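S.K.: Below is a structure I'd like to ask you about.
Bear in mind these aren't lab numbers, they're just calculated from the coordinates by the rules spelled out. Just so we're clear, the structure is a prediction, and the values are computed from it rather than from any experiment. With ideal geometry, Cβ positions are generated from the backbone for all residues, glycine too; neighbour counts draw on all protein chains shown.
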Amino acid sequence: MASIDEARDILQALGLPAAQFNEMSALTLISLCGLGPDDSWSKAKRVRCTVSKGIMDSVREKFGREYAANTRETFRRQVLHQFVQGHIADYNPFEPNLPTNSPKAHYAITEAALAAVKVYGKGARWDKAAQKFLAEQGSLRVLYTPEREQRRIPILLPDGQAVRLSPGKHNEVQKAIIEEFASRFAIGSQLLYLGDTAKKDLVVNTKVLADLGVPMTDHGKLPDIVLYDRVREWVFLIEAVTSHGPVSPKRIVELEAMFVNCPASLVYVSAFPDMAEFKKHALNIAWETEVWLADIPDHLIHFNGDKFFGPRKKI
């Protein structure tokens with residue numbers, strides 16, 4: 001049924017800022033959909049709503065919420081203006097040529113928002129509809145976000161979760177590791193740890209790390225990224241290198257001490273943005289480790305002695 005909590009959930013999924021996750025905004029959305037508390041979202045429709053008669057009267061009659069007459073401007077300035085900017089509502093769609101301050105001024109839910117709202121609660125259909133809305137209409141939450149936040153690096157984790165990393169070359173390499181390296185050389189692996197230059201423990205799976213015998217007393221000692229391949233029983237310990245920090249002999253000693261009780265086999269990887277950066281650190285990379293270059297994602301450089309030595313078949 002069209003509850004206030006569900007309306008808040010819809011507004012969040014459709015990209016509205018946190019300031020619009022309040023009761024007034026939720027009730028406004030329900031009113032724009034022409035619904036009452038006993039109606040399902042599938043019955044939502046596009047109706048003409050003025051602030052006073054279409055929204056405030058509906059809120060009072062259907063939900064028993066009484067707002068003073070002088071709150072009309074609050075509805076208009078703190079809810080409806082943001083709904084229009086966020087492509088949730090249209091202004092004067094039924095009479096687009098109305099003069100400014102006309103008593104007939106009205107709002108209606110947009111066709112795009114209506115299409116999403118009508119499948120709310122339908123599982124994958126709702127998820128797909130919300131994603132389609134954001135892809136086509138954009139997110140007001142992102143638009144309102146400070147420029148630095150907008151420049152953050154989006155990254156899609158192996159489990160489908162999306163996070164955003166602080167801007168910078170180091171985190172660009174981390175993004176490549178998760179999205180390019182893992183999909184080629186650690187297929188199906190679980191992300192156990194991902195640090196960020198601004199937040200060292202952006203992603204950390206303490207339970208699985210503990211199951212692997214790794215104490216989480218100091219996240220700073222972990223490599224930049226830890227992936228776990230349950231099928232092969234491999235733990236990938238990956239350093240993203242842009243100015244320092246490849247897997248050196250000293251670093252291996254540190255990591256072996258940290259993972260001394262880990263029953264899985266350890267795979268050490270130094271990841272670089274390109275060959276130029278790799279060359280700067282080549283002398284410090286330990287034997288029996290791997291090197292991966294983000295700009296040549298299909299290949300590895302093996303610092304592995306004779307492990308991979310031998311002839312190859314001609315193509």
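S.K.: How far apart, in nanometres, would the label points at H81 and H299 be if each is projected 7 angstrom from Cα along the Cα-to-Cβ direction?
M.R.: Taking the simple label geometry, H81 and H299 are separated by 5.7 nm.
S.K.: Return the long-range amide H neighbours of T50 (sequence gap of 5 or more, or a different chain), with a cut-off of under 5 Å between placed amide H atoms.
M.R.: Excluding prolines and chain starts, which carry no amide H, the hits are I55, Y107.
S.K.: May I pose another question? How would the stretch 1-108 be classified by its alpha-carbon gyration tensor: rounded, prolate or oblate, with rounded meaning a/c under 1.5 and the a/b versus b/c comparison settling the rest?
M.R.: Rounded, because the longest to shortest axis ratio a/c is under 1.5.
S.K.: Right, something else. Quote the FRET efficiency, to the nearest 0.05, computed for N92 versus Q161 with a Förster distance R0 of 41 Å and r equal to the Cβ-Cβ distance.
M.R.: Computed FRET efficiency for N92 and Q161: 0.55.
S.K.: For the pair S42 and N22, how long in nm is the line joining their label points, each one 7 Å along Cα→Cβ?
M.R.: Once both label points are built, they end up 3.4 nm from each other.
S.K.: Please pull out the direction-averaged projected area of the stretch 152-303, using the convex hull of its alpha-carbon atoms, in nm² to one decimal place.
M.R.: The directionally averaged projection comes out at 8.1 nm².
S.K.: To continue, here is another question. Taking Rg/Rh (Cα atoms, Kirkwood Rh) straight from the coordinates, which label in (i) 1.11; (ii) 1.15; (iii) 1.05 is the correct one?
M.R.: Checked against the structure: label (ii).
S.K.: Report, ordered by chain and residue number, the aspartates and glutamates lying within cross-link reach of K221, taken as a straight Cα distance under 16 Å and ignoring same-chain residues fewer than 8 apart.
M.R.: Within reach: D196, D201, E239, E254, E256.
S.K.: Which FRET efficiency, nearest 0.05, do M1 and E61 yield, Cβ-Cβ r, R0 25 Å?
M.R.: Between M1 and E61 the formula returns 0.90.
S.K.: Give me the number: length gained by fully extending H244 to D274, i.e. 0.36 nm times residue separation minus the C-alpha to C-alpha distance, one decimal in nm.
M.R.: 9.4 nm
S.K.: Among 259-270, 296-307, how do they line up from the highest to the lowest mean number of other beta-carbon atoms within 10 Å?
M.R.: Answer by packing, highest mean first, reads 259-270, 296-307.
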